[in-house]
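Handing you this structure, nothing more for now.
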Amino acid sequence: MASLTASSCLEDYRIHGLPSSAFYISDFITVSEEQVLLDKIEAAPKPRWKQLSKRRLQTWPSDLTKNALLDTPLPKWLTEPVITRLHSLRLSPSDPKSHIFQDSPHNGPNHVLINEYLPGQGIMPHKDGAAYHPVVCTVSLGSSLCLEVFGTKEDGTIENKPKGKILQEPRSLLITADELYTGYLHGISEVEEEVDLGPSTLSNWELLRNTDDIIDGRLKRLPRTSLTYRDVIKVSKLGAKFGIFGSR
Ligand SMILES: O=C(O)CCC(=O)C(=O)O
Ligand SMILES: [Fe+2]
């Protein structure tokens, strides 16, 4: 059981066998909600896209400046239904008010990165850093791909072999938090096809919606878009601090 029900709590979706904490919900949004999000992303004005060599991205409501966010609300299409649903997802079965952002400075995400990966594109292993509260909620659209988690060696370099591999299906939610956020790196390899997928290699195998399309451990990639929701710790009111109205 990996879809969302009224009585479910986050603990039902924990990915075991990874450093704490990771949760995976395969059916977090519906097919029509996925389509609305894809349409909104597509309809964004061209300059919204930043083209990188290995992917393109949109940043909402805006880029960070010196690790701070200008105090601007997210558009409604990014808050509904995702943030409302994140807030309704209880952390503990006994506390109906508990939720994954309960200890974050703004009690919810205020920033969304939208990344689009074509087959063969990815993102190098990295940490998301100290600008954000250590909770990331990733909603996936379009197609499946794997996020790999890496530890570091004694000398500070990245381990060659991933600690774990999470397959993110379209319409799924992946939450990474705590030590997994602060102490480990994550990345997406630049491949056209996922290989070696199975119960022993995928940390979230038991939580997947559908494994029928995985043939001989292989799954071809199609274009995949992700929305990563985070709470930027430092928020600045518009004004002199950034000199956007000219220096005085
Ligand atoms: O697309 C993803 O699932 C991961 C994106 C990511 O790691 C990031 O934007 O920092
Ligand atoms: Fe990241």
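Values quoted throughout were computed directly from the atomic coordinates according to the rules given, and no laboratory measurement underlies them. Quantities reported herein were computed from a predicted structural model and do not represent experimental measurements. Because the Cβ atoms are built from the backbone with ideal geometry, glycine has one as well, and the counts that use them run over all protein chains shown.
What is the chain's relative contact order, in percent, from Cα pairs under 8 angstrom and six or more apart in sequence? The partial results should precede the final answer.
Values: 512 pairs, mean separation 69.9, N = 248.
Dividing the mean separation by the residue count of the chain yields 28 percent.
Here are some pairs, Lys127/Lys165; Lys50/Lys161; Lys66/Lys127; which of them have Cα atoms lying more than 19 Å apart in this structure?
Values: Lys127/Lys165 16 Å; Lys50/Lys161 31 Å; Lys66/Lys127 17 Å.
Flagged as over cut-off: Lys50/Lys161.
Then there is this: Using only Cα atoms, tell me the angle between helix 31-43 and the longest principal axis of the chain; keep it within 0 to 90° and round to the nearest 10.
Tilt relative to the chain: about 40 degrees.
What full-extension length gain, to one decimal in nm, is calculated for Asp212 and Glu80 as 0.36 nm per residue of separation minus the Cα-Cα distance?
Numbers: separation 132, 0.36 × 132 = 47.52 nm, distance 3.08 nm.
Between Asp212 and Glu80, full extension yields an extra 44.4 nm.
If you stretched the chain out fully between Thr72 and Leu52, how much longer would it get, using 0.36 nm times the residue separation minus the C-alpha to C-alpha distance? Don't jump to the answer; show the numbers that get you there.
Numbers: separation 20, 0.36 × 20 = 7.20 nm, distance 2.50 nm.
4.7 nm is the gain from fully extending Thr72 to Leu52.
Rounded to whole Å and ordered largest first, report the semi-axes of the equivalent ellipsoid of region 10-238 derived from its Cα gyration tensor (root of 5λ). Numbers along the way, then the final one.
Details: eigenvalues 126, 87, 76 Å².
Working from the Cα gyration tensor, I get semi-axes of 25, 21, 19 Å.
Just tell me which aspartates and glutamates come within less than 13 Å, Cα to Cα, of Lys54; anything on the same chain fewer than 8 places away is out.
Glu116, Glu190, Glu192
Let me ask something else about it. Rounded, prolate or oblate: pick one for region 80-129, where a ≥ b ≥ c are the square roots of the eigenvalues of its C-alpha gyration tensor, a/c under 1.5 means rounded, and failing that, prolate if a/b is larger than b/c, else oblate.
On the way: a/c = 2.50, a/b = 2.16, b/c = 1.16.
Verdict is prolate for region 80-129.
Where nothing but the Cβ of Lys and Arg (+1) and of Asp and Glu (-1) is charged, how large is the charge dipole of the chain around its Cα centre, in debye to the nearest 20?
Values: 29 positive and 31 negative charges, 240 e Å.
So the magnitude is around 1160 debye.
Arrange Glu159, Glu192, Glu169 by Cβ neighbour counts within 10 Å, fewest through most, would you?
On the way: Glu159 14, Glu192 11, Glu169 23.
In order of increasing Cβ crowding within 10 Å: Glu192, Glu159, Glu169.
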